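So the structure is just underneath, and the comments pick up after that.
The values are calculated or read from the model by the stated rules, or taken from the named source; none is laboratory data. Everything quoted here is computed from the prediction, not taken from an experiment. No Cβ is skipped: glycine too gets one built from the backbone with ideal geometry, and neighbour counts run over all protein chains shown.
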Amino acid sequence: MGQSSSLFVFKPMNQLRAAPNQLTLLRLCIVPFLVLAVLDGHFRTAFALFVLAGVTDGLDGLLARWLQQRTVLGQYLDPVADKLLLSTLFLVLHHEGLISRRVTVLVFGRDLGIVMVAAILYASVGMRDFKPSIFGKANTLAQIIALLAVLLSQFYAPAPVLAVRHFALLATIGFTVISGFHYAWQITRRLSFSGTPANG
(Lines give C-alpha, C1' and ligand atoms only; values in the text may rest on other atoms or scores of the structure.)
Protein backbone atom coordinates (compact mmCIF):
# COMPACT_ATOMS: atom_id res chain seq x y z
CA MET A 1 0.00 0.00 0.00
CA GLY A 2 3.04 2.28 0.07
CA GLN A 3 2.62 3.72 -3.40
CA SER A 4 -1.16 3.60 -3.56
CA SER A 5 -1.64 5.72 -0.41
CA SER A 6 -0.80 8.87 -2.38
CA LEU A 7 -3.72 8.14 -4.68
CA PHE A 8 -6.21 9.14 -2.02
CA VAL A 9 -4.76 12.44 -0.87
CA PHE A 10 -7.41 14.43 -2.75
CA LYS A 11 -11.12 14.30 -2.04
CA PRO A 12 -13.16 13.22 -5.07
CA MET A 13 -14.31 16.75 -5.97
CA ASN A 14 -10.77 18.10 -5.63
CA GLN A 15 -9.11 15.50 -7.86
CA LEU A 16 -10.03 17.49 -10.97
CA ARG A 17 -8.03 20.42 -9.57
CA ALA A 18 -4.80 18.42 -9.43
CA ALA A 19 -2.32 19.79 -11.98
CA PRO A 20 -1.80 16.41 -13.78
CA ASN A 21 -5.55 15.97 -14.22
CA GLN A 22 -5.88 19.52 -15.52
CA LEU A 23 -3.34 18.66 -18.22
CA THR A 24 -5.24 15.49 -19.06
CA LEU A 25 -8.44 17.49 -19.40
CA LEU A 26 -6.58 19.90 -21.68
CA ARG A 27 -5.58 16.93 -23.83
CA LEU A 28 -9.23 15.92 -24.07
CA CYS A 29 -10.17 19.46 -25.09
CA ILE A 30 -7.58 19.36 -27.88
CA VAL A 31 -9.29 16.39 -29.58
CA PRO A 32 -12.21 18.24 -31.28
CA PHE A 33 -9.91 21.02 -32.51
CA LEU A 34 -7.51 18.41 -33.87
CA VAL A 35 -10.36 16.68 -35.71
CA LEU A 36 -11.57 19.98 -37.19
CA ALA A 37 -8.04 20.89 -38.31
CA VAL A 38 -7.72 17.58 -40.20
CA LEU A 39 -11.18 17.85 -41.75
CA ASP A 40 -10.44 21.40 -42.87
CA GLY A 41 -7.11 20.35 -44.36
CA HIS A 42 -5.05 22.45 -41.95
CA PHE A 43 -2.40 19.80 -41.42
CA ARG A 44 0.24 22.10 -39.97
CA THR A 45 -2.24 23.07 -37.25
CA ALA A 46 -3.21 19.44 -36.75
CA PHE A 47 0.44 18.41 -36.44
CA ALA A 48 1.09 21.18 -33.88
CA LEU A 49 -1.99 20.21 -31.85
CA PHE A 50 -0.96 16.56 -31.83
CA VAL A 51 2.52 17.48 -30.63
CA LEU A 52 0.96 19.69 -27.93
CA ALA A 53 -1.22 16.78 -26.83
CA GLY A 54 1.88 14.61 -26.59
CA VAL A 55 3.63 17.23 -24.46
CA THR A 56 0.69 17.37 -22.04
CA ASP A 57 0.74 13.57 -21.85
CA GLY A 58 4.39 13.58 -20.82
CA LEU A 59 3.99 16.47 -18.39
CA ASP A 60 1.02 15.07 -16.50
CA GLY A 61 2.99 11.97 -15.56
CA LEU A 62 5.99 14.03 -14.45
CA LEU A 63 3.84 16.40 -12.41
CA ALA A 64 2.00 13.52 -10.78
CA ARG A 65 5.33 12.22 -9.49
CA TRP A 66 7.01 15.54 -8.67
CA LEU A 67 4.00 17.07 -6.93
CA GLN A 68 2.83 13.76 -5.44
CA GLN A 69 -0.58 14.33 -6.98
CA ARG A 70 -1.41 10.84 -8.15
CA THR A 71 -5.16 10.37 -7.96
CA VAL A 72 -7.65 7.59 -8.62
CA LEU A 73 -9.29 9.83 -11.21
CA GLY A 74 -5.98 10.34 -12.98
CA GLN A 75 -5.36 6.59 -13.16
CA TYR A 76 -8.51 6.16 -15.23
CA LEU A 77 -8.71 9.53 -17.00
CA ASP A 78 -5.18 9.48 -18.48
CA PRO A 79 -5.45 6.21 -20.46
CA VAL A 80 -8.98 7.13 -21.58
CA ALA A 81 -7.70 10.45 -22.92
CA ASP A 82 -4.85 8.69 -24.74
CA LYS A 83 -7.14 6.10 -26.34
CA LEU A 84 -9.68 8.74 -27.34
CA LEU A 85 -7.02 10.93 -28.91
CA LEU A 86 -5.31 8.16 -30.89
CA SER A 87 -8.42 6.23 -31.95
CA THR A 88 -10.27 9.38 -33.00
CA LEU A 89 -7.32 10.56 -35.06
CA PHE A 90 -7.04 7.20 -36.80
CA LEU A 91 -10.74 7.36 -37.65
CA VAL A 92 -10.67 10.90 -39.02
CA LEU A 93 -7.50 10.27 -41.03
CA HIS A 94 -9.13 7.17 -42.50
CA HIS A 95 -12.18 9.28 -43.35
CA GLU A 96 -9.87 11.61 -45.26
CA GLY A 97 -8.29 8.66 -47.09
CA LEU A 98 -4.91 9.06 -45.43
CA ILE A 99 -4.85 5.79 -43.47
CA SER A 100 -6.08 2.45 -44.76
CA ARG A 101 -9.25 0.79 -43.50
CA ARG A 102 -7.25 -2.26 -42.37
CA VAL A 103 -5.10 -0.24 -39.98
CA THR A 104 -8.02 1.77 -38.65
CA VAL A 105 -10.26 -1.24 -38.02
CA LEU A 106 -7.47 -3.10 -36.21
CA VAL A 107 -6.57 -0.13 -33.99
CA PHE A 108 -10.12 0.86 -33.18
CA GLY A 109 -11.30 -2.73 -32.74
CA ARG A 110 -8.48 -3.59 -30.35
CA ASP A 111 -9.00 -0.50 -28.21
CA LEU A 112 -12.76 -0.93 -28.11
CA GLY A 113 -12.36 -4.58 -27.20
CA ILE A 114 -9.95 -3.81 -24.36
CA VAL A 115 -12.25 -1.14 -22.93
CA MET A 116 -15.26 -3.46 -23.07
CA VAL A 117 -13.42 -6.41 -21.51
CA ALA A 118 -11.97 -4.18 -18.76
CA ALA A 119 -15.43 -2.78 -17.98
CA ILE A 120 -16.98 -6.25 -17.85
CA LEU A 121 -14.23 -7.67 -15.63
CA TYR A 122 -14.41 -4.70 -13.29
CA ALA A 123 -18.20 -4.95 -13.00
CA SER A 124 -18.30 -8.73 -12.63
CA VAL A 125 -15.22 -9.71 -10.62
CA GLY A 126 -13.78 -6.39 -9.44
CA MET A 127 -10.60 -6.73 -11.52
CA ARG A 128 -9.17 -3.27 -12.03
CA ASP A 129 -5.38 -3.47 -12.40
CA PHE A 130 -4.75 -3.46 -16.16
CA LYS A 131 -1.16 -2.35 -16.54
CA PRO A 132 0.03 -2.04 -20.15
CA SER A 133 2.43 -4.71 -21.34
CA ILE A 134 5.65 -4.08 -23.24
CA PHE A 135 3.75 -4.95 -26.42
CA GLY A 136 1.02 -2.47 -25.56
CA LYS A 137 3.59 0.26 -24.99
CA ALA A 138 5.34 -0.58 -28.25
CA ASN A 139 1.99 -0.45 -30.02
CA THR A 140 1.22 2.99 -28.59
CA LEU A 141 4.64 4.26 -29.64
CA ALA A 142 4.17 2.88 -33.16
CA GLN A 143 0.75 4.55 -33.37
CA ILE A 144 2.12 7.91 -32.26
CA ILE A 145 5.01 7.80 -34.74
CA ALA A 146 2.65 6.72 -37.53
CA LEU A 147 0.18 9.52 -36.84
CA LEU A 148 2.95 12.12 -36.61
CA ALA A 149 4.41 10.92 -39.91
CA VAL A 150 1.02 10.88 -41.66
CA LEU A 151 0.24 14.43 -40.53
CA LEU A 152 3.73 15.67 -41.32
CA SER A 153 3.71 14.11 -44.79
CA GLN A 154 0.73 16.23 -45.76
CA PHE A 155 2.85 19.37 -45.82
CA TYR A 156 6.44 18.08 -45.72
CA ALA A 157 7.09 14.83 -47.54
CA PRO A 158 10.75 14.01 -48.22
CA ALA A 159 11.60 10.35 -48.71
CA PRO A 160 12.63 9.71 -45.04
CA VAL A 161 9.26 10.96 -43.75
CA LEU A 162 7.40 8.76 -46.22
CA ALA A 163 9.54 5.78 -45.22
CA VAL A 164 8.85 6.39 -41.53
CA ARG A 165 5.13 6.65 -42.27
CA HIS A 166 5.16 3.36 -44.17
CA PHE A 167 7.10 1.33 -41.61
CA ALA A 168 5.33 2.90 -38.61
CA LEU A 169 1.96 1.88 -40.05
CA LEU A 170 3.26 -1.64 -40.64
CA ALA A 171 4.58 -1.71 -37.06
CA THR A 172 1.19 -0.50 -35.84
CA ILE A 173 -0.52 -3.41 -37.56
CA GLY A 174 1.95 -5.91 -36.13
CA PHE A 175 1.95 -4.63 -32.56
CA THR A 176 -1.83 -4.17 -32.56
CA VAL A 177 -2.30 -7.86 -33.32
CA ILE A 178 0.46 -9.05 -30.98
CA SER A 179 -0.58 -6.83 -28.06
CA GLY A 180 -4.24 -7.81 -28.53
CA PHE A 181 -3.46 -11.52 -28.26
CA HIS A 182 -1.04 -10.90 -25.40
CA TYR A 183 -3.69 -8.92 -23.52
CA ALA A 184 -6.19 -11.77 -23.97
CA TRP A 185 -3.59 -14.27 -22.74
CA GLN A 186 -2.84 -12.14 -19.68
CA ILE A 187 -6.52 -11.88 -18.75
CA THR A 188 -7.05 -15.63 -19.19
CA ARG A 189 -3.97 -16.37 -17.08
CA ARG A 190 -5.03 -14.03 -14.27
CA LEU A 191 -8.53 -15.45 -14.20
CA SER A 192 -7.22 -19.03 -14.09
CA PHE A 193 -4.84 -18.21 -11.21
CA SER A 194 -7.54 -16.41 -9.24
CA GLY A 195 -9.88 -19.37 -9.51
CA THR A 196 -13.50 -18.58 -8.86
CA PRO A 197 -13.65 -14.78 -8.57
CA ALA A 198 -15.02 -13.28 -5.41
CA ASN A 199 -15.82 -9.74 -4.46
CA GLY A 200 -13.22 -8.43 -2.05
Looking at (1) touching a Gly at 6+ places or on another chain (Cβ under 9 Å); (2) within 15 Å of Leu84 (Cα to Cα); (3) at pLDDT 95 or above, which is the only condition Gly113 fails? (3)
Need the failing condition index for Ser124 against (1) free of Cβ contacts under 8 Å to residues at least 40 places away in the same chain; (2) out of contact with any helix residue (DSSP H, G or I) (no Cβ under 9 Å at 6 or more places or on another chain); (3) more than 19 Å from Asp78 (Cβ to Cβ), just the number. (1)
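Considering only residues that are among the charged types (D, E, K, R) and more than 18 Å from the chain's Cα centre (by Cα), look in the stretch 5-33 and name the one that is modelled with the highest pLDDT. Give the steps one after another, and end with the answer.
Pass one, the stretch 5-33, residues among the charged types (D, E, K, R): 11, 17, 27.
Keeping just the survivors that are more than 18 Å from the chain's Cα centre (by Cα) gives 11, 17.
Working: Lys11: 51, Arg17: 67.
Looking at the filtered set, the residue picked out is Arg17.
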If you take the residues of the stretch 134-160 that are touching a residue at least 60 places away in the same chain (Cβ under 8 Å) and part of a helix (DSSP H, G or I), which of them is nearest to Tyr183 (Cα to Cα)? Ile144
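Select, from Phe167, Phe181, the only residue that is surrounded by fewer than 20 Cβ atoms within 10 Å (Cβ to Cβ), of a type in the set (Phe, Trp, Tyr), assigned to a helix (DSSP H, G or I) and at pLDDT below 95. Don't jump to the end; show me each part of the working.
Details: Phe167 fails: at pLDDT below 95.
The match here is Phe181.
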Given (1) closer than 19 Å to Ala46 by Cα; (2) in contact (Cβ under 8 Å) with a residue 60 or more places away in the chain; (3) assigned to a helix (DSSP H, G or I), number of the condition Ile187 does not satisfy: (1)
Suppose the filter is closer than 17 Å to Ala142 by Cα and either touching a Lys or Arg at 6+ places or on another chain (Cβ under 9 Å) or not assigned by TED's automatic domain parsing to the domain that holds Gly174 (or both); does Asp111 pass it? yes
Please go through the stretch 90-122 and pick out each residue that is of a type in the set (Gly, Ala, Ser) and assigned to a loop (DSSP other than H, G, I, E, B). Gly97, Ser100
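Can you say whether Leu36 is in a helix (DSSP H, G or I), more than 20 Å from Thr140 (Cα to Cα) and at pLDDT 90 or above, as far as the supplied structure shows?
Working: in a helix (DSSP H, G or I): yes; more than 20 Å from Thr140 (Cα to Cα): yes; at pLDDT 90 or above: yes.
Against the criterion (in a helix (DSSP H, G or I), more than 20 Å from Thr140 (Cα to Cα) and at pLDDT 90 or above), Leu36 qualifies.
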